[in-house]
1. Is there any pair linking a residue in the stretch 84-95 that is touching a residue at least 24 places away in the same chain (Cβ under 8 Å) to one that is in a strand (DSSP E or B) and of a type in the set (D, E, K, R), with Cβ under 8 Å and at least six apart or on different chains, and which?
2. Filter the stretch 51-110 down to residues that are of a type in the set (Gly, Ala, Ser) and part of a loop (DSSP other than H, G, I, E, B), then give me how many there are.
3. Considering only residues that are modelled with pLDDT of 90 or more and within 22 Å of LYS98 (Cβ to Cβ), which ones fall in the stretch 29-56?
4. Residues being among the β-branched types (Val, Ile, Thr) and within 13 Å of the chain's Cα centre (by Cα): count how many of those fall in the stretch 97-154.
5. Could you check PHE122 against (1) part of a helix (DSSP H, G or I); (2) open to solvent by 10 Å² or more (accessible area, probe 1.4 Å) and say which number it fails?
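The values are calculated or read from the model by the stated rules, or taken from the named source; none is laboratory data. Note that the coordinates shown come from a computational prediction; the quantities given were computed from them, not determined experimentally. Note that each Cβ is placed from the backbone with ideal geometry, even for glycine, and that neighbours are counted across all protein chains shown. Only protein heavy atoms, including side chains, enter the accessible area calculation; ligands, DNA and RNA are left aside. Shrake-Rupley method; radii C 1.70, N 1.55, O 1.52, S 1.80 Å.
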Amino acid sequence: MAVSNTTRIVMLGKTGTGKSSLANTIFGEKLFTIGHTLNSETRECQAETKSVNGRSITLIDTPGYFDTDRSEEELKPEIVRCITECAPGPHAFLIVLKVEKFTVQEQAVITEINQTFSEEVFKYATVVFTHGDQLPEGQKIEDFVHKNKLTNDLVKKCGGRYHVIDNKYWKNNQQDKHRTNQFQVDYSSQ
């Protein structure tokens, strides 16, 4: 039996958090369709494989929880299908959240993830905050995470692993190398 050297990563989160944009940022090109409407864009799982920093990575983009057009009962089988399609199984999960208030709906997404995969999922998960441009001027992501008990508890469940991505201002930031998406992608793949 051949062993695959490809790292398989499943992206999970609420509709509209930027999972597809995050996948495009990680790969450095537009392979995943991004929606710019009020409706959910990702209807079915999409998997793409590419080399990133010398490592073969497969990203699996899943339909979002709280999809605008489908119930959670319709959504769960599609997400489970995504997992079975990346046989023998995923190596890691990215729980994608926007930099915004952690509301009841975000907590419900975490509960759904837990119910779909069990508490075990968090051992292999990293929280990725998108829309880093929404952080107040001068606030660091660490402060944002630790200010809210729910986000802080989630990050702790995930072994303290989290990153922030900003597709608005960080794409070509030359002033601060730590405030670039490329730095975040390079750092997280180490």
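1. CYS86/ARG8; GLY89/ARG8; PRO90/ARG8; HIS91/ARG8; ALA92/ARG8
2. The total comes to 5.
3. LYS30, LEU31
4. Matching residues across the stretch 97-154 total 8.
5. Unmet condition: (2).
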